[in-house]
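Here's the structure, in structure tokens; my notes come after.
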Amino acid sequence: MELLSSLQINVLEWTIIMACGMLIGMSKVGVPGVSMIVVPALAFIFGAKHSTGVLLPILMMADIFGVAYYRRHANWNHLIKVIPWAVIGLLLALWVGELVNDEQFKNLIAILVFLSIGMMLWQDKRKGTNLFPDKWWFAASMGILGGFATMIGNVAGPVFAIYLLAMHLPKNSFIGTSAWFFMIINFTKFPLQLFVWNNIKAETLMIDLMTLPAIALGAFVGFKFVKIIPEHTYRGFVIVITAISAFLLLL
């Protein structure tokens, strides 16, 4: 209790932070979308911009769990296509970070996710027709948008889910590719937020380290949950969760 007081966090706020850690752990091992509530929850406690500095190290620790379990399932052909564009998105967000309207940007992300889901479902009904996944501009647009979204508000999950869903990857490959993508991007973001935005401090890192047990518990629950989802229903599950996540961005 003395430690919590020294960090100026009360018991209720600490409970919320631990719940956020658990949800992030679940999301990193194949239960996408469940962590979308984390962004507004931490923003309520720490403030919008400062909360990104608290959240990033938690995401990085959770990324390690996801990569450790699914490291052999990544599709590197898709990663190589999108990561350079995502880095451009990061740098663009770094440049406009002091000017962008967070609410307007989140609304734009949500609208684009809904449009992408609609296009993807239409493509599925046309069976055999490939509208955009193999086009270079599709990887470029999803990469830049995802990189920008993750730097500004850690809300790139729905964007990258759309990119991978369009590739019709098997369940484990979907999770492994996503795990590697976010670990690479989040570790790239760390020095940018530490030295440019200055929103990562020793105090916030202490808070992050204290969430590690909750992250591990969330990862364990997520592993078990993913195993019981049949391969043929996982795609539909991700589409639904992604749509719900996009809706939450509009709130």
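Data overview
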read-out	value
Only one of GLY222, GLY157 that is in contact with a helix residue (DSSP H, G or I) (Cβ under 7 Å, 6 or more places away or on another chain) and modelled with pLDDT of 90 or more	GLY222
Considering residues of segment 129-151 that are touching a Phe, Trp or Tyr at 6+ places or on another chain (Cβ under 6 Å) and closer than 27 Å to VAL38 by Cα only, the residue surrounded by the fewest Cβ atoms within 10 Å (Cβ to Cβ)	ILE144
Members of segment 7-38 found to be polar (S, T, N, Q) and buried (at least 24 other Cβ atoms within 10 Å of the Cβ), listed by number	SER27, SER35
Residues satisfying the stated conditions in segment 158-184, i.e. within 14 Å of GLY66 (Cα to Cα) and crowded, with 23+ Cβ neighbours inside 10 Å	PHE174, ILE175, GLY176, THR177, SER178, ALA179, PHE181, PHE182
Members of segment 210-251 that are free of Cβ contacts under 8 Å to residues at least 24 places away in the same chain, part of a helix (DSSP H, G or I) and either in contact with a Pro (Cβ under 9 Å, 6 or more places away or on another chain) or under 30 Å from TRP122 (Cα atoms) (or both)	LYS227, ILE228, HIS232, THR233, GLY236, PHE237, VAL240
Qualifying residue in segment 47-56 (condition: polar (S, T, N, Q), at pLDDT 90 or above, assigned to a helix (DSSP H, G or I) and within 16 Å of the chain's Cα centre (by Cα))	no
Number of the exception - PHE195 against (1) part of a helix (DSSP H, G or I); (2) of a type outside the set (D, E, K, R); (3) farther than 22 Å from LEU249 by Cβ; (4) in contact (Cβ under 8 Å) with a residue 60 or more places away in the chain	(4)
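The values are calculated or read from the model by the stated rules, or taken from the named source; none is laboratory data. A quick note: this is a predicted structure, and the numbers were derived from the prediction, not measured. Every residue, glycine among them, receives a Cβ derived from its backbone with ideal geometry; neighbour counts consider all protein chains shown.
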